[in-house]
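The values are calculated or read from the model by the stated rules, or taken from the named source; none is laboratory data. Every value quoted in this text rests on a predicted model; they were computed, and no experiment measured them. Virtual Cβ from ideal backbone geometry, glycine too; neighbours counted across all protein chains shown.
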Number of protein chains: 2
Amino acid sequence: MGDEFSRIATYFAPLAGVEARGLMDDAAVLTPPPGRELVLTVDQMLEGVHFLPGDAPGLIARKLLRRNLSDLAAMGAVPLGYLLTTALPPGTGEDWLAAFSAGLAEDQECFNIKLFGGDSSSSLGGISLSATLLGHVAPGAALGRGGARAGDEIWVTGTIGDAALGLRARRGELLDDTGFLTSRSMLPQPRTGLELAGIVSAAIDISDGLLQDLGHVCRASGVGAVVKAGLVPFSAQAALFGPEYLEARLTEGDDYELLLAVPPGRAGALTAACGALPVTKIGVFHAQAGVVALGLDGVPLNLKNAGWRHFI
Amino acid sequence: MGDEFSRIATYFAPLAGVEARGLMDDAAVLTPPPGRELVLTVDQMLEGVHFLPGDAPGLIARKLLRRNLSDLAAMGAVPLGYLLTTALPPGTGEDWLAAFSAGLAEDQECFNIKLFGGDSSSSLGGISLSATLLGHVAPGAALGRGGARAGDEIWVTGTIGDAALGLRARRGELLDDTGFLTSRSMLPQPRTGLELAGIVSAAIDISDGLLQDLGHVCRASGVGAVVKAGLVPFSAQAALFGPEYLEARLTEGDDYELLLAVPPGRAGALTAACGALPVTKIGVFHAQAGVVALGLDGVPLNLKNAGWRHFI
């Protein structure tokens, strides 16, 4: 009891914005940015499902925020702040909480967000976490999955498939000399801050897997898509691994890059809006339903997996 | 995978407001009510901690919403809608989801709220749930815990201690002939809709226990309090049980009534604002720190428990 309040005071009150009223009231009070729409998203992370027992608490905290920040990025929203829930087994130590809250603080600084409120509980099972993120957009400017049209180009930010290989490295199934792939799996980089309204016709963040998330856009937009595997940008570290990993790269999630539908003729505007962040055209939307991935030989790949799976 | 999407379409999409964009995008988009401040709160409910295995799914759903709605009530906020997380063990049946979503639908109707978004996951342990509720208040009108002053009166809505006895009835420790106490424990009535701004100086909902939550107000306000146990309103059903339950009634939570600090001379305004809902004066705030509960004989009670405890 007293323990819960002292933990809140020690680890979470320092993270709180003025909206949180010192985490002393029953709720937070937020003055919405005038003339803007609010964007709201929630994601949870559970031990054994979304992270592995023994993962560094600071990285768990940052990935929790970043998964949600990536959802805001996919909507074109500017992040504001978040509410947090924690359910921790009784034996969870002060060192875990100290590292977890330090991770939150680090990414609050990175992404200019504040803690608005939360709820803590004990857990009878493993660690269970959730974050509700709030952001804002200009009225009508929120991006979505439903705007892609036949003829629009398919673009992706950054590189694809690093996290799938990084997860295998974390499991000891392959060697990640530089740690790059592991880092891409543990600490994704949400693509917030891009001004894509008026340039892209649809957007999604790649959390289920490239082809799976492309399928979400196709279904929401009532179109189909063809992707050329040879155009999908892989990092130098991922390219060290052979074609036996091609399917994993295309169908497993956790990259948190953006997949964008871009009407013809806007490539210049898109690359200008993305600045130093590389963007790559990998295919095209068309009228016929379904997602097809063409291999290096131009023949459609026969893929066993359609997308994201839980760790275990 | 497909299972998750079809469950969302079947059970949750029908609950969604326009803000949820059909639960098809990465986030919800909300136009804030013009000229109002937003009030935000989140609470979780975990199997074995906040509810018992085998509790009716519809009642779990409604209590999840109502605990959060009670937090909005304590802030004086008008409810708008919510985001939901569910983590369910793999074997969770369609019947559980059907009853759970029916409970959500029922209380959405009762409290005029909509589902804005959510996240679903599988759980390796028991059922884990959270809801983030949004409401709104006039600028500066949010109530809080920090405004009580020495001389303010202590008032409570409704009756106190029913839920503590109801929990014992659910455990088979006492007989609840009418089911009233059990119902008060399973399905609290959040006191939303009261216009208390300008009348009360502080407010909190009673979730930890009457004396514990009074202590929260005292600490936030820098005052102390004296409560007379003989003034605390008990229901007729609770009054059937003897003084051996007095401590439980005063120190265990889950009643979700409001505890209010009311400056002298405002009793008439308060009772008018509460309409058909009974409100009762039970004590007074004073300058000296600490919470004292006087027994029927006027002697301070020596209480073992300071407030809320987990079920197990």
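Of everything in the stretch B:217-269 that is among the hydroxyl-bearing types (S, T, Y) and under 22 Å from B:K304 (Cβ atoms), the residue that is nearest to the chain's Cα centre (by Cα) is B:T251.
Just checking, does the stretch A:197-209 include any residue being surrounded by 23 or more Cβ atoms within 10 Å (Cβ to Cβ), within 16 Å of A:A293 (Cβ to Cβ) and of a type in the set (A, V, I, L, M)? So far as the stretch A:197-209 goes, yes, one or more of its residues are surrounded by 23 or more Cβ atoms within 10 Å (Cβ to Cβ), within 16 Å of A:A293 (Cβ to Cβ) and of a type in the set (A, V, I, L, M). When restricted to residues that are farther than 24 Å from B:D119 by Cα and of a type in the set (V, I, T), the stretch A:190-244 contains 6. Yes or no: the stretch A:42-52 includes at least one residue that is among the polar types (S, T, N, Q), surrounded by fewer than 22 Cβ atoms within 10 Å (Cβ to Cβ) and in the same structural domain as A:E94 (by TED's automatic domain parsing). So far as the stretch A:42-52 goes, no, none of its residues is among the polar types (S, T, N, Q), surrounded by fewer than 22 Cβ atoms within 10 Å (Cβ to Cβ) and in the same structural domain as A:E94 (by TED's automatic domain parsing). Assess whether A:S121 counts as being among the polar types (S, T, N, Q) and either at pLDDT 95 or above or touching a Cys at 6+ places or on another chain (Cβ under 8 Å) (or both). Answer is no for this residue. Within the stretch A:85-95, the only residue that satisfies the criterion of being within 19 Å of A:L23 (Cβ to Cβ) and surrounded by fewer than 15 Cβ atoms within 10 Å (Cβ to Cβ) is A:E94.
Can you tell me which residue is surrounded by the most Cβ atoms within 10 Å (Cβ to Cβ) among those in the stretch A:106-121 that are more than 7 Å from chain B (Cβ to nearest Cβ) and in a strand (DSSP E or B)? Outline the logic, then answer.
First, the residues of the stretch A:106-121 that are more than 7 Å from chain B (Cβ to nearest Cβ): A:106-115, A:120.
Narrowing the set further to residues that are in a strand (DSSP E or B) leaves A:114-115, A:120.
Numbers: A:K114: 16, A:L115: 24, A:S120: 17.
Looking at residues that are more than 7 Å from chain B (Cβ to nearest Cβ) and in a strand (DSSP E or B), I get A:L115.
Is it the case that A:A98 is surrounded by fewer than 18 Cβ atoms within 10 Å (Cβ to Cβ) and at pLDDT 95 or above? Reasoning before the result, please.
Details: surrounded by fewer than 18 Cβ atoms within 10 Å (Cβ to Cβ): yes; at pLDDT 95 or above: yes.
Considered against the rule, which asks whether it is surrounded by fewer than 18 Cβ atoms within 10 Å (Cβ to Cβ) and at pLDDT 95 or above, A:A98 comes out as yes.
Got at least one residue in the stretch B:297-304 being loosely packed, with under 15 Cβ neighbours inside 10 Å, in contact with a strand residue (DSSP E or B) (Cβ under 8 Å, 6 or more places away or on another chain) and at pLDDT 95 or above? No: zero hits. Where the second residue is part of a loop (DSSP other than H, G, I, E, B) and not small (G, A, S) and the first is on the phi < 0 side of the Ramachandran plot and more than 7 Å from chain A (Cβ to nearest Cβ) and lies in the stretch B:122-134, which pairs have Cβ atoms under 8 Å and are six or more apart or on separate chains? These pairs meet every condition: B:I127/B:P89; B:I127/B:T92; B:L133/B:I113. Among the residues of the stretch B:122-135, those that are in a strand (DSSP E or B) and buried (at least 20 other Cβ atoms within 10 Å of the Cβ) comprise B:S128, B:L129, B:S130, B:A131, B:T132, B:L133, B:L134, B:G135. Give the residues of the stretch B:209-255 that are out of contact with any Ser or Thr (no Cβ under 8 Å at 6 or more places or on another chain), within 12 Å of B:L303 (Cβ to Cβ) and among the small types (G, A, S), sorted by residue number. Of everything in the stretch B:209-255, those that are out of contact with any Ser or Thr (no Cβ under 8 Å at 6 or more places or on another chain), within 12 Å of B:L303 (Cβ to Cβ) and among the small types (G, A, S) turn out to be B:G215, B:A229, B:A248.
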